[in-house]
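Below is one structure; the comments refer to it alone.
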Amino acid sequence: MNSLDGVMVIGLTGQTGAGKSTVSRIFVQNGFRLIDADAISRLVVTRGSHCLADLRECFSDVILTADGDLDRKMMASIVFSDQHKLEMLNTIMYPYIMGEILRMIHRFSQQNHKLILLDAPTLFESRADDFCDLIISVVAHADLRLRRIMERDQISETAARNRMASQLPESYFREHSDTVLENNSGYEELAAAAEELSAKLIRYYETKYGALV
């Protein structure tokens, strides 16, 4: 639960390939300010950052490109096939990511933006759910997610399955979320559900805090 009076932070998470980006896009169109944890995770490992230095110390120079940037494909190949190494990566990165998320929440609040969407694939693992008033998870059948991941990221079936296996099970998302959106039918149905949900949350906010300025 966030501690800023009059600010509502909605956590958005779910299974990889389930369609979370569609839901995020609809919420932003309807007035929510976006905190994109994926974008933050890229920001904190830019060349010369403390986070990248910590990763290099843990995983060696093999994770760097010739220019000194993080080699994302190499990093993914290391951690998505080894749960222990994934946990090491997360232990290093999460504090940097969480710090930036907190700064963005406060910045939006100071700018009088009251509806914030925290889009975070690892919302629960990073404990970022502690910042949220409500949590939405997006889920879908495994075969659909597998196909979407392979098409989206242009990776092999084995690599896609490794990414899926690295996440929490669907039962966890269902048990720890306030709302679950299923994306087994297609874009139109998911977009309509996101529209309805975002409108409902705006009404909830206005009932609790008053009309948005």
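Structure summary
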{"item": "Where residue 177 falls short, out of the listed (1) of a type outside the set (Phe, Trp, Tyr); (2) part of a loop (DSSP other than H, G, I, E, B); (3) open to solvent by 30 Å² or more (accessible area, probe 1.4 Å)", "result": "(3)"}
{"item": "Failed item in (1) open to solvent by 10 Å² or more (accessible area, probe 1.4 Å); (2) without any contact (Cβ under 8 Å) to a residue 60 or more places away in the chain, with residue 38 passing the rest", "result": "(2)"}
{"item": "Verdict on residue 160 being surrounded by fewer than 16 Cβ atoms within 10 Å (Cβ to Cβ) and not β-branched (Val, Ile, Thr)", "result": "no"}
{"item": "Qualifying positions in the range 120-150 - surrounded by 17 or more Cβ atoms within 10 Å (Cβ to Cβ), part of a helix (DSSP H, G or I) and charged (D, E, K, R)", "result": "129, 145, 148"}
{"item": "Unmet criterion (only one of (1) in contact with a Lys or Arg (Cβ under 8 Å, 6 or more places away or on another chain); (2) free of Cβ contacts under 8 Å to residues at least 24 places away in the same chain; (3) open to solvent by 10 Å² or more (accessible area, probe 1.4 Å); (4) not small (Gly, Ala, Ser)) for residue 57", "result": "(1)"}
{"item": "First in the range 191-202 and assigned to a helix (DSSP H, G or I), second anywhere and among the aliphatic types (A, V, I, L, M) and surrounded by fewer than 18 Cβ atoms within 10 Å (Cβ to Cβ), Cβ under 8 Å, 6 or more apart", "result": "201/134; 202/212"}
{"item": "Condition met for residue 153 (open to solvent by 30 Å² or more (accessible area, probe 1.4 Å) and either under 18 Å from the mean Cα position of the chain (by Cα) or basic (Lys, Arg) (or both))", "result": "yes"}
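Conditions (1) within 30 Å of residue 72 (Cβ to Cβ); (2) touching a strand residue (DSSP E or B) at 6+ places or on another chain (Cβ under 8 Å), marked per residue:
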{"position": "135", "(1), (2)": "yes, yes"}
{"position": "165", "(1), (2)": "yes, no"}
{"position": "183", "(1), (2)": "yes, yes"}
{"position": "188", "(1), (2)": "no, no"}
{"position": "201", "(1), (2)": "no, yes"}
{"position": "207", "(1), (2)": "no, no"}
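Rundown of residues vs (1) touching a Ser or Thr at 6+ places or on another chain (Cβ under 6 Å); (2) within 25 Å of residue 130 (Cβ to Cβ); (3) open to solvent by less than 30 Å² (accessible area, probe 1.4 Å); (4) not aliphatic (A, V, I, L, M), yes/no style:
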{"residue": "17", "(1), (2), (3), (4)": "no, no, yes, yes"}
{"residue": "44", "(1), (2), (3), (4)": "no, yes, yes, no"}
{"residue": "69", "(1), (2), (3), (4)": "no, no, no, yes"}
{"residue": "72", "(1), (2), (3), (4)": "no, no, no, yes"}
{"residue": "81", "(1), (2), (3), (4)": "no, no, no, yes"}
{"residue": "97", "(1), (2), (3), (4)": "yes, yes, yes, no"}
{"residue": "105", "(1), (2), (3), (4)": "no, yes, yes, no"}
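The values are calculated or read from the model by the stated rules, or taken from the named source; none is laboratory data. Computed from a predicted model, the values in this text were never measured in an experiment. Reconstructed Cβ throughout: ideal geometry from the backbone, glycine too, with neighbour counts over all protein chains shown. Heavy atoms of the whole protein, side chains included, go into the accessibility calculation; ligands, DNA and RNA do not. Shrake-Rupley method; radii C 1.70, N 1.55, O 1.52, S 1.80 Å.
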